[in-house]
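Undergrad: One structure, pasted below without further comment.
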Amino acid sequence: MFNRTNRIRIVMCTFCQLFYNIFNVLFAWIIMHITDSLVQEDRSIFVSYIGIAGVCIGCQILFSFLSVRLQNKIRKPL
């Protein structure tokens, strides 16, 4: 079960989950700035943070997908 290939997959899966969680926290921080820009009625900041939020969501989807794929390869049935 824990041969060299699986160990590499486990490490890669751990990093994917770490990056997913980092982007999750970053997304919450971006939402805070979007809300602040709406309260201050600053359209330029709002538009720039909406773009950054889109990239952040894309990264979350990517790392979540990679993590699930790696988990499936690690746990494949015998």
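Quick note: the coordinates plus some simple rules give every number you see, no bench work behind them. Remember, it's a predicted structure, so these values are computed and weren't measured experimentally. As a convention, Cβ positions derive from the backbone with ideal geometry for all residues, glycine included, and neighbour counts pool all protein chains shown.
Undergrad: Kindly list the number of the only condition in (1) of a type outside the set (A, V, I, L, M); (2) within 30 Å of GLY51 (Cα to Cα); (3) without any contact (Cβ under 8 Å) to a residue 40 or more places away in the chain that fails for PHE23.
TA: Exception for PHE23: condition (3).
Undergrad: Checking the structure you have, find out if any residue of region 26-47 is under 29 Å from ASN3 (Cβ atoms) and not acidic (Asp, Glu).
TA: The answer is no; no qualifying residue exists.
Undergrad: What is the number of the single condition among (1) in contact with a Lys or Arg (Cβ under 9 Å, 6 or more places away or on another chain); (2) farther than 18 Å from LEU70 by Cβ that ASN6 does not meet?
TA: Every listed condition holds for ASN6 apart from (2).
Undergrad: Considering region 24-68 alone, what residues qualify as being small (Gly, Ala, Ser), within 27 Å of CYS13 (Cβ to Cβ) and surrounded by 13 or more Cβ atoms within 10 Å (Cβ to Cβ)?
TA: Within region 24-68, ALA53, SER64, SER67 meet the criteria.
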